[in-house]
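Enquirer: My structure is below; once you've seen it, I'll send some questions.
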Amino acid sequence: MPALVYKHVVRDYDHASKLPSTVWDAFRTREREANIMYPHALKSCLYDGNQQFWITCSTHIASGDDRQTLDLVLSCTEGAMGSYPLFIFANTSSRHLIPEWLRSRLEALIQRLLAKVDASRVFSIFAPEAITREFAQMWTYRTDIGFYNEPYYAAKLTYCTPTTITRRRMTLFPDLGYVPRLAEERDLHVVAELCHGFAATSEPFTLTEQTALKEAHYLIKHGLVWVLEVHRPGQSSDLASLVAVTRTSAHVAGITKVYTNPRWRKRGCAERLVRHVCQQLLKNKDAVVLYVAHDNPAAAGVYHRVGFQGLTESKARVDGVENWLELGFDRELVQLGHW
């Protein structure tokens, strides 16, 4: 019996509306894992997106028909605050992402990517860890642009569902009252302060006071940011915590920013707000996803108490919880974006 012949088929698309049904089907099937890419692609269908494109890599088995299996989708897209990193979505479980499977597919993606943009556009790559590590080495080999060994972001993708969310009673502070709510225009400057504080912990993607105001205005205008308002008798109210939800599709919402003003830490503010936001989102979503950094055990503890999965010290694999990694390329040779 002759051996099967595998061929990688690469296609690029300059508008999300041109993406084939196989991509949308994969996004819907793996909606939690696709949250980094799927919601933005949905929004991009509605407007002319300059300087955006998607590249797919599929495998064709020469067996007498034209059927192809979608393997990887790479996006090179723009956000409200600047260029996004390269994102890569894998249409398979992370446990299958071994070097032997990845190399030929990533080589095909890189070859097409270099035909589409200058190498300076690729300031970082964010994807499941195995993909990021393999891509960074191959990209450096092809472009001579080195990458930093210290990750920009090393995190776990986790999720919360209606069956995992907890109803834990929080410690009450007699002198404090809490009101979780969507941020309003009157909150602009305090939300900007919280955005600025969050970005200060996210080198190199920091914000100036002016760009923090721009981000806060965008989040408030589009109803994407929740705040925890705190009241103390005889004092003006303050905003203790912020939760942004900027990536939403039919069944999954993605929390993309959680930050508590240092003045209000150690009072359970983040947990109160994250739980409230999840409760609201899960009224019409099947899951809420977020990324939590490996080096932030305090945040992992908060999310675990809310009901996010796979955040204990147990080594047991939890289906749907994956390690993701962002590696950055030499900032002397690339044009840094923001996300």
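Enquirer: Scanning for something closer than 25 Å to Gln137 by Cβ, exposed (fewer than 14 other Cβ atoms within 10 Å of the Cβ) and at pLDDT 95 or above, does the range 13-32 turn up at least one residue?
Expert: No, because not a single residue in the range 13-32 is closer than 25 Å to Gln137 by Cβ, exposed (fewer than 14 other Cβ atoms within 10 Å of the Cβ) and at pLDDT 95 or above.
Enquirer: Taking Thr164 as meeting all but one of (1) part of a strand (DSSP E or B); (2) surrounded by fewer than 20 Cβ atoms within 10 Å (Cβ to Cβ), write down the number of the exception.
Expert: Evaluating Thr164 over (1) part of a strand (DSSP E or B); (2) surrounded by fewer than 20 Cβ atoms within 10 Å (Cβ to Cβ) leaves (1) as the failure.
Enquirer: Quick check: is even one residue across the range 295-309 among the aromatic types (Phe, Trp, Tyr) and in contact with a Ser or Thr (Cβ under 7 Å, 6 or more places away or on another chain)?
Expert: yes
Enquirer: Out of (1) assigned by TED's automatic domain parsing to the domain that holds Cys57; (2) closer than 30 Å to Leu281 by Cβ; (3) without any contact (Cβ under 8 Å) to a residue 40 or more places away in the chain, the odd one out for Arg169 is which?
Expert: Arg169 satisfies every listed condition except (1).
Enquirer: Asn284 versus (1) within 15 Å of Trp226 (Cα to Cα); (2) out of contact with any strand residue (DSSP E or B) (no Cβ under 8 Å at 6 or more places or on another chain); (3) among the polar types (S, T, N, Q): which is the lone unmet condition?
Expert: For Asn284, the failing item is (1).
Enquirer: Right, something else. Go through (1) part of a loop (DSSP other than H, G, I, E, B); (2) touching a Cys at 6+ places or on another chain (Cβ under 9 Å); (3) at pLDDT below 95 for Tyr178 and report which single condition fails.
Expert: Looking at each condition in turn, Tyr178 falls short on (1).
Enquirer: Here is a follow-up. For the range 168-216: of the residues being under 21 Å from the mean Cα position of the chain (by Cα) and of a type in the set (Asp, Glu), which is surrounded by the fewest Cβ atoms within 10 Å (Cβ to Cβ)?
Expert: So, considering only residues that are under 21 Å from the mean Cα position of the chain (by Cα) and of a type in the set (Asp, Glu), the one surrounded by the fewest Cβ atoms within 10 Å (Cβ to Cβ) is Glu203.
Enquirer: So which residues in the range 196-219 are aromatic (Phe, Trp, Tyr) and within 19 Å of Tyr291 (Cα to Cα), if there are any at all?
Expert: Phe198, Phe205
Enquirer: Residue by residue through the range 83-107, note down the ones that are more than 23 Å from Arg317 (Cβ to Cβ) and either surrounded by 19 or more Cβ atoms within 10 Å (Cβ to Cβ) or within 15 Å of the chain's Cα centre (by Cα) (or both).
Expert: Ser83, Tyr84, Pro85, Leu86, Phe87, Arg105, Leu106, listed by residue number.
Enquirer: Tell me the strands (runs of 3 or more DSSP E) entirely within the range 1-116 that contain at least 1 residues that are under 21 Å from Thr246 (Cα atoms) and touching a residue at least 60 places away in the same chain (Cβ under 8 Å).
Expert: Answer list for the range 1-116: 53-61, 86-90.
Enquirer: Still on this structure: Taking the range 297-339, which residues are acidic (Asp, Glu), under 26 Å from Thr92 (Cα atoms) and either part of a helix (DSSP H, G or I) or out of contact with any Pro (no Cβ under 7 Å at 6 or more places or on another chain) (or both)?
Expert: Glu313, Asp319
Enquirer: Quickly run through the range 268-296 and pick out the residues that are under 17 Å from Pro180 (Cβ atoms) and of a type in the set (Lys, Arg).
Expert: Arg272, Arg275, Lys283
Enquirer: OK, next. State whether one or more residues within the range 40-52 are aromatic (Phe, Trp, Tyr) and under 20 Å from Leu325 (Cα atoms).
Expert: Within the range 40-52, not a single residue is aromatic (Phe, Trp, Tyr) and under 20 Å from Leu325 (Cα atoms).
The values are calculated or read from the model by the stated rules, or taken from the named source; none is laboratory data. Treat the numbers as computed from the prediction; the structure is a model and nothing was measured. Cβ sites come from the backbone with ideal geometry, for glycine too, and all protein chains shown count toward neighbours.
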